[in-house]
Every structure is written in C-alpha cells, then in structure tokens.
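Here is the structure we will look at, set down as structure tokens.
The values are calculated or read from the model by the stated rules, or taken from the named source; none is laboratory data. It should be emphasised that the depicted structure is a prediction, and the values quoted were computed from it without experimental measurement. Virtual Cβ from ideal backbone geometry, glycine too; neighbours counted across all protein chains shown. Note: accessible area is taken over every heavy atom of the protein model, side chains too, but ligands, DNA and RNA are not part of it. Shrake-Rupley method; radii C 1.70, N 1.55, O 1.52, S 1.80 Å.
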Amino acid sequence: MAISSHDFKLIKLGLAILTASKAFANPLPEQPKRRPEEPLNPGFETGNLQGWQVVHGNAFGDRSVTDLASYWGGPFYQDQKHFILGTAQDGESAVGELRSSSFRANSALSFLIGGGYDPDNLYVGLVRDRDGQLLLKQTGTNDEALIRIVWDTGKWSGQEVHVVIHDNSTKESWGHINFDDLRLGDAALGNGPGLTFQPIGQANQPPAHDQPACSLFAEDPLRPQYHYTQYQGWINDPAGLVQWKGRHHLFSQYYPAAPFWGPMYWSHAESPDAVHWRELPVALTPKPAEPGDESGRFTGSAMIHGDELHLVLTDYFDTRAHPDAVQENVIVASSSDGVNFTLSPQNPVIPAPPAGAPAFFRDPKVFHDPTDNSTKLVIGASNGERGQVQLYHAPASDPFSWSHVGVLYTGEEGTDALWECPNFFPLGDKWVLFYGSKALGVYETGTYNGSVFVSEKRGLVDAGPASYAMQWYKDESGRDLAISWMANWPTTKWPSRANGWAGQQSITRELFLRADGGLGSRPIAELDSLASGPARQLGPLQVSDEAVDIGNTNTARLKLTVDLGETSASSLTLSLFQSQAESTLLTYHTGNQTLTLDTTNAGYGQAGTWEAVLAKPADNKLTLDIFLDRSALEVFAGDGTVMSATVWPRYQESTGISVVGNQGTVALSAVSVTPLGSSWC
Ligand SMILES: *[C@@H]1O[C@H](CO)[C@@H](O)[C@H](O)[C@H]1NC(C)=O
Ligand SMILES: *[C@@H]1O[C@H](CO)[C@@H](O)[C@H](O)[C@H]1NC(C)=O
Ligand SMILES: *[C@@H]1O[C@H](CO)[C@@H](O)[C@H](O)[C@H]1NC(C)=O
Ligand SMILES: *[C@@H]1O[C@H](CO)[C@@H](O)[C@H](O)[C@H]1NC(C)=O
Ligand SMILES: *[C@@H]1O[C@H](CO)[C@@H](O)[C@H](O)[C@H]1NC(C)=O
C-alpha cells in the first residue's frame, strides 16, 4: 500500500505525540484532537513503533520493527519495507502486548499476520475503546510468512476501536506473532479494482449450525469443492478405503480440535460413486488421555468378513505417557452397520512387531493374495537402518488371527529408516508395492511368489509436492482405485489454517500398469458427474507467443490435446489460477517430454518447481486432464503420470486460464473447460 501524503501527516503527528508523551511515566499517548479516522503508522514504515504503544511486557519494542526480507522458509512477504517480527525484540518466549492508536471502524479491516498458532495466547485483536471488548481475533498458522486476514467490521462502523497484537505465549517454538500493513475500508479489500484479497480468517469461516456441507463449503473461498476436507481441524492419511454393500467408505486420520496433527481420530464419509461424499459420525476416537499424551488410532485398512466391516489399524502409544507400552501394535474395530465401530475385546490382534524388529510398525493394509487364495496384510516397518515391509497371513481370513509370514521387502541402502503406509496388490501381470518414504509416495513394480517381492521398476506415485500416504482398494467392479492425502508435508505453508482447517484428500484415481511397467493413475469415470454446466470447447487452435485465454474459473476440469507432430514450439505453458498479480505455471517441453509445475508466483503456498518426464505418446498426441479446485490442483497426463499440488492464490481474481507457445506454435487439436460442482451437493 502506498503511503499518501495524508498518511504521512498522520505519521508526523504521531511522532510529535510520542515525543511529547516521553515526558510522562507511562501514560497512554494522548489522542490527537481530531477524528481518529486512520491508525497511525499502519505499516511501520517509519522503521519504529511510532504511533503504537507497548501496553505491557517485553515481546515488543522498537527492535520488533524489521526490514528483513526472508527467513529459512522463504520470503516474509511483508508490505513495502518494514513489519513487526515477533522474535526480533526479545526472542520467542517473551510476552507482551502492542496496541495501535485508536481509529474509527468502518466497513472492513485487513492486515498481514504470521507466526505461531495459539488462539488463546497469540493473536491480533480488534478492541472497542469504549468498553475494552475484544470484538474479533485471529491467530497465526505456524508460518513466518505473512498472509492477509480480512475482516468485515461493518457492524461496528463509526465506533472507536484499536488493534492489539497480543503475545502471551512463553513457548520456545512458535511463541511469537508477526504483523504488518493494517488497512481500513476499500483499501482493506484489495489492491485497486482488479485485485481483491481472498477473505481469509477464522472470522470468515461460516458457522456450521444446520448448514448443509454443500453451502457451508461453498462459502469458504479456499475450500475445495470436490476434494474431501473436514469442516474444521486437521486430516492426514486416507484410511479404511473399501466399497461395502455398494457404498464407498473413506476414513481419514483426523484431529478435530485444531488444524494441526494431534491425537488421532478416524473421520468417516461414505459415497455411492467415490465422488459425492456424505459425512458420517467419527468412527474411532483416541483412548482417554492426559494432556500432552499423543496416543491415538493411526492408519489402517478395511476388511470385509462375513457380514461385518472390520478396520485393521495401528494403535499408537505415546511412550512418554505410557513408558511400558509397545509403541505400535495392530487392533481391530468392527461394525455391522458401517457406521458404528466397536473395538474388539481380542485386541491387540498383533501385539508387537516381529522378534528383532524395532518399534516402528505401522499402517496395516489388508489384501487378497491370489497366489494361495488367502487374506494377508502388509505393514510398514524397519530393520533399524532401512525401510521394510512385513507380511502377515490370516488363516481362514479371520480378522482377529494373524501369523507372521516374514519380510516381504527391504529397501535399498539410502532409503528412509521407516516406511509408512505400504500397499501391495497384483496389477496386470505385475505386483505393485507402494509406500511413504521421505515425505514422498514411492512405488515399485515387480514379482511376488507368495512370500517375497522382487522389484523391477521404481518411481514416484505422484510427481507433485502434495501427495502422501496414498491408499489403494479394489471396488466391487474389480477396479483398482486409490486416494492420496494432498499433504504438502514438507512445507509450513497451509493458509487454510487461518480458516480453521488443514488437509485435503485427492480425487479418486484408477490405477493401471503403464506400457513401461510403471504405475499409472487416471481420474475415475464417475468424476464426469461433477460437471455443473456444459463444457466450453475450443480448437483446433494454433497458439504462438501471444497467450490465448481459454477460461476463467478455479473449479473446473480442463482437458487439452496437443498435436505434437504439428507443433513447432520448444514448449507450451499453461497458466492457471492466474490474475495480473500471480499464476501457477505448467510447462511441457517438447524436446525432452518434461512437464514442469512452477508455483514460484502462485500465491501464499509453497513456492517451487517440480518435474516429470512423460512417455512419448505413441500417436504423437499429448493429453492433459487437469482438475482445478480453488486450492487444489491435480494434473493427469495421458501416460499415467500425475502431479498434485495445493495452490493458495492471494486474490479472488486469480481464476484465469491461458496457454502460450514458446519459440514457435503449438497445435491444440482440442481444448475443453468443464465447470465442476460440489461433492457435497
Ligand atoms: C497469560 O498466561 C498466563 C499463564 O499462562 C495466564 O495466567 C494469564 O492469565 C494470561 N494472561 C492473559 C492476558 O491472557
Ligand atoms: C454401537 O455398537 C455397540 C456394540 O454393538 C452398541 O453397544 C452400541 O449401542 C452401538 N451404538 C450405536 C450408537 O448404535
Ligand atoms: C478361495 O477361498 C474362499 C474361502 O476363503 C473360497 O470360498 C473360494 O472358493 C476359494 N477360491 C479358490 C479358487 O480356491
Ligand atoms: C520366494 O522367494 C524367496 C526368495 O527367493 C524364497 O526364499 C522363498 O522360499 C520363495 N517362496 C515360495 C513360496 O516360493
Ligand atoms: C527439459 O528441457 C528444458 C528446456 O531445455 C530444461 O529446462 C529441463 O531442465 C529439461 N528437463 C529434463 C528432465 O531434462
């Protein structure tokens, strides 16, 4: 925001007041005899706390105002030069409160916030002068970088208020709050007519009372409409995937109390088509725990036996709270109605890892083994140095009775010391093993003789940054389906935390064996039912160095066919989630068949580039099938490569889609943009 000469006068005025007030002990600076329309020094561009007052404590002082541009995780994204860095004055654990000068509330207020998540102890608050009432507050997201919070303050319009930056956290990690660029009125909503801020912030999260998920989720501008999310709280691994009595079941690792990992619950949803979901009651809750005990119900899988649906899962004990417990064992929960799950009195069904194996022992995945027509499970383990997959057998397919077969597979040197979420199943004439390692999903395809897997080929389950803990299941029609957690695991950049939720599941994918023996993914056919209107068809179309607009939506499916034989360009670039300020770029290099995703200027999310080398299409036609869903992006190439990312645009206008050819022309034989609706309607 540019400082106007009007603002500048106020800043000078603030300086005079501050100087005058130094003569007294510690009184509030006397307010100027004018209508306080605007807060003084709203972006700290004086380089100090002029116009602001340290109410108490030593968390804030003139050293808090910094012009540092970046930290270990990237840029701070402050406005102009200066901002408040909560650690700069006296470290993480210092406490205190800083308040702005008083001003008159009007239609809207916005500001930039960064730092720790702690709704009780770390927040920016709007306080009414008259009675000291805290009207609104917003905590951070455990990220240093600043994101824009927008508040509707219309109902207090005309009242005198001030902003507080409140830090009562003594924590040594994420015990601080960053702040910048307080704005009022139209300026709070965006940068001119062409760029309107996403209205992020817990105060914008619509209350859940009696609202169906369909409209509730539509109101949150960051919320995917057809990727599974939880209304509030955190989700990670998809679990217990199964089609049972016609209905698809999706459970997720879940922590309801905060948008962060915590003692694990299992949330539960069901669907007639693996596309449209209906929320069911939470299936599993952690055992009653003392504060700080992180024991919970970790990932597992579903098993149909007789007329019951069973969940076979990891029971995790936080050994700090339970020093005598085995850290991870396997338990079963059963249901006759697919809604109400009861823990078995026979638990644990596998009381400990096999003799000699370390404590890491998690995520049992049940599968049918056609080599001996039996029920088996694989489970993530370790030999202390490398990831390992252990194999168990259930005689007579009894979910409560498991015997150890042996080590199915051990990772090569250099792999992670623990593999998570292994899945193992036959596909075509091969066996597929996939697992989580080093925050990535890795697959291997090869052969299996009933007890040991031999790998022939290895690759990534998903070439993008946001995929982990994928789970496979076979549906009633025999298809091999999978859902993955759109994790973005290695980054702190999860702006949806400011709206109270974190984590989303991928769309349902169908797995297949690629021509080169690798694991391929394609969107399931049922996703066609999400179309909320007719597709916009373009092409055939020749595109050169002048970008061609092909759509304006962030909730859609975009399909392209490029005739490579007629294309002279060295690359083509698709710009998605695009406005004049930002975009997400997807580039295909014709020379080396490389697909590159670039989120360097995509908004608040993780900035980076990711690459995948695609197979050369036999018919010389490149096809891309792209799912855009507000903050989710999934790109499926015709060869079975998939790339997933979360994208968090800053501006509501970032919905453009365009294509450009670089150094030559691109022959697009077909382009279609289909608007998609909600999974919840
Ligand atoms: C700050 O935290 C302390 C201890 O955690 C608590 O006693 C005190 O009431 C808190 N103060 C405020 C203003 O929240
Ligand atoms: C869930 O199942 C258990 C065991 O069958 C039963 O005791 C309990 O009443 C059921 N709860 C509900 C809500 O149906
Ligand atoms: C496989 O085992 C099941 C029982 O577990 C049995 O009903 C089925 O006939 C068996 N199939 C074959 C091919 O042996
Ligand atoms: C499978 O292969 C392993 C390793 O070669 C061997 O030890 C094992 O006996 C084989 N099992 C069967 C059932 O053939
Ligand atoms: C493919 O070619 C592009 C353009 O020359 C280059 O930037 C990129 O690094 C190449 N990627 C691979 C995997 O070779």
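Numerical summary
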{"item": "Of all accessible heavy-atom area on segment 295-485, the percent that carbon and sulfur account for (1.4 Å)", "result": "50"}
{"item": "Heavy-atom accessible area per residue - segment 150-244, 1.4 Å, Å²", "result": "33"}
{"item": "Segment 93-187: trypsin sites (Lys or Arg not before Pro) falling in loop per DSSP and having at most 12 other Cβ within 10 Å", "result": "R130"}
{"item": "Estimated inter-spin distance, K621 and A208, nm [label 7 Å along Cα→Cβ]", "result": "4.6"}
{"item": "Cysteines (scope the chain) whose Cβ has no counterpart Cys Cβ under 4.7 Å", "result": "C421"}
{"item": "Where segment 64-128 is the region considered: accessible area per residue in Å², 1.4 Å probe", "result": "32"}
{"item": "Mean separation of Cα contacts under 8 Å (6+ apart) over length of the chain, as relative contact order %", "result": "10"}
{"item": "Within segment 199-242: backbone nitrogen closer than 17 Å to the C681 label point (7 Å, Cα to C-beta)", "result": "211-229"}
{"item": "Over the chain: helical MRE at 222 nm, DSSP H runs n ≥ 4 each giving -39500 (n - 2.57), nearest 500", "result": "-1000 deg cm²/dmol"}
{"item": "Heavy-atom accessible surface of segment 96-217: percent carbon and sulfur, 1.4 Å", "result": "49"}
{"item": "Computed label-point distance, nm, for sites V613 and E566 using a 7 Å Cα→Cβ extension", "result": "2.9"}
{"item": "In range of the label at Q542: residues from segment 582-598 whose backbone nitrogen is under 20 Å from the point 7 Å along Cα→Cβ", "result": "590"}
{"item": "Full-stretch length increase - S344, L134 - with 0.36 nm per residue and alpha-carbon distance subtracted", "result": "70.8 nm"}
{"item": "Cα gyration tensor shape of segment 528-675, rounded if a/c is under 1.5, else prolate or oblate by comparing a/b with b/c", "result": "rounded"}
{"item": "Global form of segment 53-204, assessed from the alpha-carbon gyration tensor, a/c cut-off 1.5", "result": "oblate"}
{"item": "A670-A531 pseudo-label distance in nm [points 7 Å out on the Cα-to-Cβ vector]", "result": "1.1"}
{"item": "Tensor-based shape of segment 159-219 (alpha-carbon gyration tensor, a/c under 1.5 rounded, otherwise prolate or oblate)", "result": "oblate"}
{"item": "0 to 90° range, to nearest 10: angle between helix 5-21 axis and the chain longest Cα axis", "result": "70"}
{"item": "Label zone at K438 (point 7 Å along Cα-to-Cβ), backbone N below 18 Å, segment 514-548", "result": "none"}
{"item": "Rounded Å value of the spacing that divides the Cα centres of segment 456-494 and segment 137-182", "result": "35"}
{"item": "Across K457/K621; K376/K621; K137/K559; K376/K559; K245/K559; K81/K171, pairs whose alpha-carbon gap is larger than 32 Å", "result": "K376/K621; K137/K559; K376/K559; K245/K559"}
{"item": "Rounded accessible area per residue of segment 528-675, 1.4 Å, Å²", "result": "37"}
{"item": "Longest segment of the chain lacking chymotrypsin sites (Phe, Trp or Tyr not before Pro) that sit in a DSSP loop with at most 12 other Cβ atoms within 10 Å", "result": "73-681"}
{"item": "Contour excess over end-to-end distance, with Cα ends at E385 and E412 and 0.36 nm allotted per residue", "result": "8.7 nm"}
{"item": "Relative contact order (percent, whole number), segment 528-675, Cα cutoff 8 Å, 6+ residue spacing", "result": "44"}
